[in-house]
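Below is one structure, written out as C-alpha cells; comments come after it.
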Amino acid sequence: MCTLQKQGNVFILTLTGDGEHRLNPSLIDAIRAALDRVRAEAAVGSALITTAQGKFFSNGYDLAWAGSDPARSQLMDSKLKSLVFNLFNLPMPTIAAITGHASAAGFILGMSHDYVLMRKDRGFLYMSEIDIGLKIPAWFVTLVKNKVKSPVAWRDVVMRGTKLTADVAIEHGIVHSAHVGAAETVKEAVKLGEELAARKWDGNVYAHSRRLVFSDVLVALTNESVSRL
C-alpha cells in the first residue's frame, strides 16, 4: 500500500501500485503507521515527502468499500481526520509531490502538506463532490479556505467542481511549483526537502508555528472526535 524510504534527512512516503489509491481504512492506517515511524526516527532537520505511483495521487475516499453504509463513510472520515491532524502536528516540513490526479479526499490529503509540488503535464486537482452528488464535509471546506487564496477560487473549487491544472493551481496559491514528468516532480520535492531540512529547525517549534497559522483547520478537525480508530 505504501513504502517509506529515507534519503539523508528526507523521508519519502510513497503510495505504491498503479491503482487509484482510494482512501479506505486499510490505506489510511498504513499511512498513519508510516508517519509514526517518521516521528520516531526524525532528527533535528528532517522533512517528509508524500508521493504516489501511477496515474493517481489519490482519487478520494473508497466509495465502493463504503457502499451505502453510513457507518463505513463515518469511519473513513474519522480516520482521515486523524491522519490530517497528525500531518498538521508532524514536527518537520511536509511536501506533497503530486504526480497524478488528486480528487476529493485525495486533494485534501495533498493540501494537508506545507508545500505542494505538482506534475504539469498530467493530472489535475478536483473537488468532485458537487459533480457526484455528495455533500462535502465542513472540515474539507475549512481546509480549502485556509489553503486557497481567494473567495472566487473557493467557489470554483467547491461549488463548481473546477479541475485545476498545475498552472492554474499555482495562480490560486495551492501549488508551490510545477514540473514536467513524475520523476522531475519528485526530484524537485527532494531538493526542496533537503533545503528545508538544512535549516535545522526545532521540530516542535515548527509544528507549533503550523498549528498557529492553521488554527481554524485544527478547530474544524477537533469539533468532532478525532480518534485513533
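The values are calculated or read from the model by the stated rules, or taken from the named source; none is laboratory data. Note that the structure is a prediction, hence the values are computed from the model and not measured. Every residue, glycine among them, receives a Cβ derived from its backbone with ideal geometry; neighbour counts consider all protein chains shown. Only protein heavy atoms, including side chains, enter the accessible area calculation; ligands, DNA and RNA are left aside. Shrake-Rupley method; radii C 1.70, N 1.55, O 1.52, S 1.80 Å.
Please go through region 109-141 and pick out each residue that is assigned to a strand (DSSP E or B) and within 16 Å of L90 (Cβ to Cβ). Across region 109-141, the qualifying residues are Y115, V116.
Within the set E224, E184, E195, the sole residue that is of a type in the set (D, E), under 27 Å from R39 (Cβ atoms) and modelled with pLDDT of 95 or more turns out to be E195. Restricting attention to region 19-51 and to residues that are within 16 Å of the chain's Cα centre (by Cα) and small (G, A, S), the residue that is nearest to Y61 (Cα to Cα) turns out to be A30.
Each row is one residue, and each column tells you yes or no for (1) aliphatic (A, V, I, L, M); (2) in contact with a Phe, Trp or Tyr (Cβ under 9 Å, 6 or more places away or on another chain); (3) surrounded by 23 or more Cβ atoms within 10 Å (Cβ to Cβ); (4) over 25 Å from V217 (Cβ atoms).
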position: I28; (1), (2), (3), (4): yes, no, yes, no
position: I49; (1), (2), (3), (4): yes, yes, yes, no
position: A66; (1), (2), (3), (4): yes, no, no, no
position: R72; (1), (2), (3), (4): no, yes, no, no
position: L83; (1), (2), (3), (4): yes, no, no, no
position: L87; (1), (2), (3), (4): yes, no, no, no
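Of the numbered conditions (1) touching a residue at least 40 places away in the same chain (Cβ under 8 Å); (2) in contact with a Gly (Cβ under 7 Å, 6 or more places away or on another chain); (3) not acidic (D, E), N89 satisfies every one except a single condition; which is it? Unmet for N89, out of (1) touching a residue at least 40 places away in the same chain (Cβ under 8 Å); (2) in contact with a Gly (Cβ under 7 Å, 6 or more places away or on another chain); (3) not acidic (D, E): (2). Residue count for region 117-143 under the criterion of being open to solvent by 20 Å² or more (accessible area, probe 1.4 Å) and either within 16 Å of the chain's Cα centre (by Cα) or not acidic (D, E) (or both): the result is 15.
Evaluate region 171-179: report whether one residue or more is closer than 24 Å to I31 by Cβ, open to solvent by 40 Å² or more (accessible area, probe 1.4 Å) and touching a strand residue (DSSP E or B) at 6+ places or on another chain (Cβ under 6 Å). Scanning region 171-179 turns up at least one residue that is closer than 24 Å to I31 by Cβ, open to solvent by 40 Å² or more (accessible area, probe 1.4 Å) and touching a strand residue (DSSP E or B) at 6+ places or on another chain (Cβ under 6 Å). Checked against (1) farther than 25 Å from F124 by Cα; (2) touching an Asp or Glu at 6+ places or on another chain (Cβ under 8 Å), R22 meets all criteria but (1).
I'd like the full set of residues that are in contact with a Phe, Trp or Tyr (Cβ under 7 Å, 6 or more places away or on another chain) and open to solvent by less than 30 Å² (accessible area, probe 1.4 Å), limited to region 9-23. H21, L23, listed by residue number. Pick from region 8-59 the residues that are in a loop (DSSP other than H, G, I, E, B) and of a type in the set (V, I, T): which of them is modelled with the lowest pLDDT? Checked region 8-59; the qualifying residue modelled with the lowest pLDDT is V44. For region 181-204, taking the residues that are not hydrophobic (A, V, I, L, M, F, W, C) and not in a helix (DSSP H, G or I), the one that is surrounded by the most Cβ atoms within 10 Å (Cβ to Cβ) is identified as G181. Residues that are touching a residue at least 40 places away in the same chain (Cβ under 8 Å), under 27 Å from Q53 (Cα atoms), aliphatic (A, V, I, L, M) and assigned to a strand (DSSP E or B) are absent from region 142-157. A single entry from L83, L117 fulfils the requirement of being modelled with pLDDT of 95 or more and out of contact with any strand residue (DSSP E or B) (no Cβ under 6 Å at 6 or more places or on another chain): L83.
Would you mind stating whether G45 is touching a Phe, Trp or Tyr at 6+ places or on another chain (Cβ under 8 Å), crowded, with 23+ Cβ neighbours inside 10 Å and in contact (Cβ under 8 Å) with a residue 60 or more places away in the chain? In short, no.
Just for region 63-108: of the residues that are among the charged types (D, E, K, R) and part of a helix (DSSP H, G or I), which one is farthest from E195 (Cα to Cα)? Looking at residues that are among the charged types (D, E, K, R) and part of a helix (DSSP H, G or I), I get R72.
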